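Following: one structure in structure tokens, then a few remarks.
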Amino acid sequence: MRHITIVGVGYVGLVSGACFADLGNDVTCLDISEERIENLKQGIMPIYEIGLEELVERNVKAGRLHFTTSYEEAIKDAEFVFIAVGTPSDVDGQADLRYVRMAAESIADVMDHPLIVVNKSTVPVGTGDWVANVIRNRRPDVPQFSVVSCPEFLREGTAIRDFMHPDRTVLGSTDREAAEQVAQIHLPLRSTIMITDLRTAEMIKYASNAFLAAKISFINEIANICEALGADVKEVSYGMGLDKRIGHSFLNAGIGWGGSCFPKDVKALAYMAEVEGRNPHLLHAVMDINSDQRRAPIRKVKELLGDDLHGMTVGLLGLAFKPGTDDMRDAPSIDIAHHLMQAGAHVRAFDPVAMPTAQPILPEVELVDGVEALADGADALILVTEWNEFKNLDLARLKSLMRHAVLIDGRNVYDPAFVREQGFQYRGIGRGTNGEGVH
Ligand code: UDX
């Protein structure tokens, strides 16, 4: 059993804390928000993540997981302190490190024994060295400490599984012994553990996320070419993915990527390159393709209903940036709703989980309590988030409720022929002759 403290009970912090506790460690999770900590003590989660509530409850009961707002209490027995606070990006894409600084300074203030400070927040390359300086500047007489970078690769919706079965654990430090100590607490996960220097570890996180975003933007560009040439991108993607060098994952064309990581990380990487006088052409193309892709469903609605959508009602099936989460950060649904409203449409939406988080972000959108209410009198439906419950819709019933039976499949989940048989006009993304014919 090791003593681990996690600073920040957001997505990464809380999942990591609960999982480390489940592996038998004594874990204290700290947050500066009294409200979040009070809620957690009562079993109320600050985020929605499958399996998290049970995991937290079980480990709290077993006495391995504690919550506090006090740095003194959190640090007094700790061997490792993980910093897992938010690093939002400003308009240029520059990461805002104010919360990392606050955490580092607060740790310095109360530290009374040697510590390993592990950085889990996604931070610009060079931040590990900066954290060490922040701690030293805050308290020149600080006890011995080392900084280790341990980037996270958790996906929302599968975060617990991703933590417990990682493809790899990347650790970076100038202090090899400290990195090996952090490696020790990851041994039960039985993954490949790579130890490298601080900056390289930090870069691995950015390069991985940028590559995955690029893979999706690539297939979305191919989808647009498929539409023009009459090929079906689903088949193209399947055929490409059979090549082991390419693989099938992150090759689904659709309305583009969103969420808390990809948009922020690609932008931040481009910014870091530009600050150093480099021109990251590819990263800019990856972002441009992604914002264009959010217009694709509107183009398709207009193709079928005309350019002026005044007096028309469009229903969005799903709002979260992907299934399995209530996260609305940079969700394609936000741009799609705005583009539709700009064209004059009245927009309605239903999401099984994300409506409370979506409401303040999209106050002009009418939120309804089910798929039938969404279809009632609507002129088009757009599948935005591929929740399982949307995969087997009663299309005949929905058609009977709608004014125009138009279905835009933003995630290519439906069989175009089947949807047409039910009397719908169907448009997928890049489905060529299979989805919509050559224009
Ligand atoms: C991502 C990374 O996968 C994870 O390693 C990192 O730690 C955080 O960022 P997450 O944002 O939770 O995780 O979601 P992910 O499942 O990776 O999906 C990102 C976006 O890409 C979603 O909007 C999803 O809809 C989109 N996507 C994904 C596609 O459009 N096509 C695909 O083939 C895969």
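The values are calculated or read from the model by the stated rules, or taken from the named source; none is laboratory data. In this text, all values refer to a predicted model and were calculated from it rather than measured experimentally. Because the Cβ atoms are built from the backbone with ideal geometry, glycine has one as well, and the counts that use them run over all protein chains shown.
Out of the residues in segment 38-58 that are without any contact (Cβ under 8 Å) to a residue 40 or more places away in the chain and part of a helix (DSSP H, G or I), state the one that is surrounded by the most Cβ atoms within 10 Å (Cβ to Cβ). This residue is L40. Inspect all residues belonging to segment 324-345 and state whether any of them is surrounded by fewer than 24 Cβ atoms within 10 Å (Cβ to Cβ), closer than 16 Å to I298 by Cβ, hydroxyl-bearing (S, T, Y) and not assigned by TED's automatic domain parsing to the domain that holds G51. The answer is no, given that none of the residues of segment 324-345 is surrounded by fewer than 24 Cβ atoms within 10 Å (Cβ to Cβ), closer than 16 Å to I298 by Cβ, hydroxyl-bearing (S, T, Y) and not assigned by TED's automatic domain parsing to the domain that holds G51. In the list V406, V384, which residue meets the criterion of being touching a Ser or Thr at 6+ places or on another chain (Cβ under 7 Å) and more than 18 Å from I222 (Cβ to Cβ)? Exactly one residue qualifies, and that residue is V384. Evaluate segment 121-141: report whether one residue or more is at pLDDT 95 or above, within 16 Å of the ligand (Cβ to nearest atom), within 31 Å of the chain's Cα centre (by Cα) and surrounded by 23 or more Cβ atoms within 10 Å (Cβ to Cβ). No - not one qualifying residue is present in segment 121-141. Residue-level analysis places F67 among those that are crowded, with 20+ Cβ neighbours inside 10 Å, without any contact (Cβ under 8 Å) to a residue 60 or more places away in the chain and in contact with a Ser or Thr (Cβ under 9 Å, 6 or more places away or on another chain).
Just checking, which of V301, V286 is touching a strand residue (DSSP E or B) at 6+ places or on another chain (Cβ under 7 Å) and on the phi < 0 side of the Ramachandran plot? Step through it out loud before you land on a result.
Numbers: V286 fails: touching a strand residue (DSSP E or B) at 6+ places or on another chain (Cβ under 7 Å).
Just a single option satisfies the conditions, and that option is V301.
Among residues of segment 235-259 being aliphatic (A, V, I, L, M) and near the ligand (Cβ under 9 Å from one of its atoms), the one that is surrounded by the most Cβ atoms within 10 Å (Cβ to Cβ) is A253. Would you please name the residue that is surrounded by the fewest Cβ atoms within 10 Å (Cβ to Cβ), looking only at residues in segment 154-177 that are within 12 Å of the ligand (Cβ to nearest atom) and closer than 24 Å to T200 by Cβ? So the residue we want is D167.
Filtering segment 90-102 to residues that are surrounded by 18 or more Cβ atoms within 10 Å (Cβ to Cβ), closer than 10 Å to V123 by Cα and of a type outside the set (V, I, T) leaves A95, L97.
Does V275 count as away from the ligand (no atom under 16 Å from the Cβ), in the same structural domain as I429 (by TED's automatic domain parsing) and surrounded by fewer than 16 Cβ atoms within 10 Å (Cβ to Cβ)? Spell out the reasoning first.
Values: away from the ligand (no atom under 16 Å from the Cβ): yes; in the same structural domain as I429 (by TED's automatic domain parsing): yes; surrounded by fewer than 16 Cβ atoms within 10 Å (Cβ to Cβ): yes.
Judged against the criteria, V275 is a match.
Quick grid of which residues meet (1) under 20 Å from G430 (Cα atoms); (2) in contact (Cβ under 8 Å) with a residue 12 or more places away in the chain:
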site	(1), (2)
T192	no, yes
L212	yes, yes
A228	yes, yes
G239	yes, no
H248	yes, no
E276	no, no
H281	no, no
I289	yes, yes
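In a residue-by-residue description of segment 207-228, the property of being of a type in the set (D, E), outside the structural domain of G128 (by TED's automatic domain parsing) and under 21 Å from E156 (Cα atoms) applies to no position.
Within segment 189-207, the residues that satisfy the criterion of being in contact with a helix residue (DSSP H, G or I) (Cβ under 9 Å, 6 or more places away or on another chain) and part of a helix (DSSP H, G or I) are L189, L198, R199, A201, E202, M203, K205, Y206, A207.
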